[in-house]
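Data block below; observations after.
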Amino acid sequence: MGRKLFWITVYAIAMAYLEAIVVVYLRELYYPDSMLSLFPMRPFRPLDFVLELGREAATVLMILSVAFLAERPSFVRRFAAFVYIFGVWDIFYYFWLKVSIGWPVAWGEWDILFLLPTVWLGPWVCPAFIALLFAVWGGAVLLSDAEYRADAVSAGLFVTGALIDLASFLYKGLSVYLKGGMEAIQSWTPDAFAWWLFIPGWILMAAGLYRVWRTGRVPGK
């Protein structure tokens, strides 16, 4: 298990580097005057927008594919592999951006997190906190070599927390869009983040994962 975890960690770190370099190229293209400032957002050209959506979908599929290949047919163990790879990838994505262009420059700096199905916005530390939770829990499950089950309570806590955190990322952008459309989004500079949504959501996700770890182990496996 240690050898397997080593190689999927190498994969996640290398994939993070590739993702970071693609983003550096995008910043050079769309923010030539200041690669360290993303707001106000620059609109994508139609083809670039479609390509970027495809790249983000492909990233998730690549992580999912490796998780399925790395683990035996068990939902929790494959889920653990998925979130572990995702977590390590996301943490090192920001690490490589910092190494390559010096961004982020502040702990509370906002990032464009994702574009599917709509734009996700928030301080970069928020997905980093989620990624850390995923990496720690996923790594612990993978190293244990045990079988786990997620009951309805554990799954409910995790899914509810994930939806709340998703709402925290969509909250500001959607509210600006509903008030003024795309023109308002493209002239908007982020202000206060919905920490009142994000923190409870993160806690619920952590509680759900911890409950699987503590009570979901299948005896004798």
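The values are calculated or read from the model by the stated rules, or taken from the named source; none is laboratory data. Quantities reported herein were computed from a predicted structural model and do not represent experimental measurements. Ideal geometry is used to build each Cβ from the backbone, glycine not excepted, and the neighbour counts take in all protein chains shown.
Residues that are farther than 23 Å from Leu133 by Cβ, out of contact with any Lys or Arg (no Cβ under 9 Å at 6 or more places or on another chain) and acidic (Asp, Glu) within the stretch 153-200 comprise just one, Glu183.
If you check Pro190, Pro127 for being closer than 29 Å to Trp110 by Cβ, surrounded by 15 or more Cβ atoms within 10 Å (Cβ to Cβ) and modelled with pLDDT of 95 or more, only one passes: Pro127. Among the numbered conditions (1) farther than 21 Å from Ala106 by Cα; (2) at pLDDT 80 or above; (3) touching a helix residue (DSSP H, G or I) at 6+ places or on another chain (Cβ under 7 Å), the only one that Ala184 does not meet is (2).
Can you tell me which residues in the stretch 90-122 are modelled with pLDDT of 95 or more and under 13 Å from the mean Cα position of the chain (by Cα)? Result: Asp90, Ile91, Phe92, Tyr93, Tyr94. Taking each residue of the stretch 181-194 that is more than 21 Å from Asp165 (Cα to Cα) and in contact (Cβ under 8 Å) with a residue 40 or more places away in the chain and looking for partners that are part of a helix (DSSP H, G or I) and of a type in the set (A, V, I, L, M) with beta-carbon atoms closer than 8 Å, six or more apart or interchain, yields Trp188/Val176.
Residues that are more than 27 Å from Thr215 (Cα to Cα), of a type in the set (Val, Ile, Thr), surrounded by 13 or more Cβ atoms within 10 Å (Cβ to Cβ) and in contact (Cβ under 8 Å) with a residue 12 or more places away in the chain are absent from the stretch 3-10.
Taking the stretch 180-213 as the search range and keeping residues that are part of a helix (DSSP H, G or I) and among the charged types (D, E, K, R), which one is farthest from Val141 (Cα to Cα)? I'd like the intermediate steps shown before the answer.
First pass over the stretch 180-213, keeping only residues part of a helix (DSSP H, G or I): 180-186, 195-213.
Filter again for among the charged types (D, E, K, R), leaving 183, 211.
Numbers: Glu183: 46, Arg211: 12 Å.
Top of the filtered list is Glu183.
Applying the set (1) closer than 26 Å to Val153 by Cβ; (2) part of a helix (DSSP H, G or I) to Tyr177 leaves exactly one unmet item: (1).
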